[in-house]
Amino acid sequence: MLHKRNLPHLYFSDGMYFITYRLVNTIPLKMLSIIHSELKIIDNKKYERIIKKYDSVLDSGEYGKNYLRIKEVAEICKTTLHYPDGKDYKLICYTIMPNHIHMVFELLPSNKGISKIMQSIKRISAKRANMLFLKREGVFWQDESFDRWIRDDKELYFVIKYVLLNPVNAGLVKDWKDWEFTYCNKNYLIL
């Protein structure tokens, strides 16, 4: 089923997904509109180039707030990622960066759908982070996320590697295992 807002979202009721979602205002609108226009004509190489551009802006931490650097806020996000594990999806891996999260999961047969899963994760983590630690109100997460249906084992391998190495490539740690908010299911550990 195709869902379209600003970005195209192709959701199936099964399969594996790579999703990146971010805090509000972490990419300037002008830059975001360029990325959106580039996504309209897509092939695998172009997709990878766009994602690298998108991530380099996020990894810089230059725009918006980096609330996920706060350990308690990152813990809230970690808890909300693990809660649906075994209910709606099998959590494969994730990394919680200072202003965004990459996650990979496989939908379970009885799942409530990606849109509802992501709405729940974002709503709960935003409410708890705003209320308990940031003492603020307002929008926490950007509405939309980047998502990709993983087509085969080769793509899964590279996506997992990408997620695990994101803190290393961003210059935050030398070894991915040193980043406190990275997780990989032992059945998918590739590094």
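The values are calculated or read from the model by the stated rules, or taken from the named source; none is laboratory data. Predicted, not measured: the structure shown is a model, and the values here were computed from it. For neighbour counting, all protein chains shown are included, and Cβ atoms are generated from backbone atoms with ideal geometry for every residue, glycine included. Heavy atoms of the whole protein, side chains included, go into the accessibility calculation; ligands, DNA and RNA do not. Shrake-Rupley method; radii C 1.70, N 1.55, O 1.52, S 1.80 Å.
Observations, loosely collected:
- Around the Cα centre of the chain, unit charges on the Cβ atoms of Lys, Arg, Asp and Glu (plus for the first two, minus for the last two) sum to a dipole of about 400 debye.
- With the simple model of a label 7 Å out from the Cα in the direction of the Cβ, E48 to N66 spans 2.8 nm.
- A protection proxy built from the mean count of other Cβ atoms within 10 Å ranks the segments 29-40, 67-78, most packed first, as 67-78, 29-40.
- Based on the Kirkwood approach, the hydrodynamic radius assigned to segment 66-176 is 15.0 Å, with every pair of different Cα atoms included.
- Rounded accessible area per residue of segment 48-184, 1.4 Å, Å²: 51 Å²
- Among the listed pairs K52/K90; K53/K112; K127/K154; K40/K186; K65/K174, those whose Cα-Cα separation exceeds 30 Å are K53/K112; K127/K154; K40/K186.
- Cut-off 15 Å, label 7 Å out along Cα→Cβ of I35, residues of segment 83-123 by amide N: 97-103
- Loop sites in segment 86-174: GluC sites (Glu not before Pro), DSSP, at most 10 other Cβ within 10 Å: E137
- Cysteines without a disulfide-compatible partner [the chain; Cβ-Cβ under 4.7 Å]: C77
- Per atom type, the chain shows carbon and sulfur on 53% of its accessible surface, probed at 1.4 Å.
- Residue-averaged 222 nm ellipticity for the chain, from DSSP H runs of 4+ at -39500 (n - 2.57), nearest 500: -12000 deg cm²/dmol
- Cα gyration tensor category, rounded, prolate or oblate, for the chain with a/c compared to 1.5: rounded
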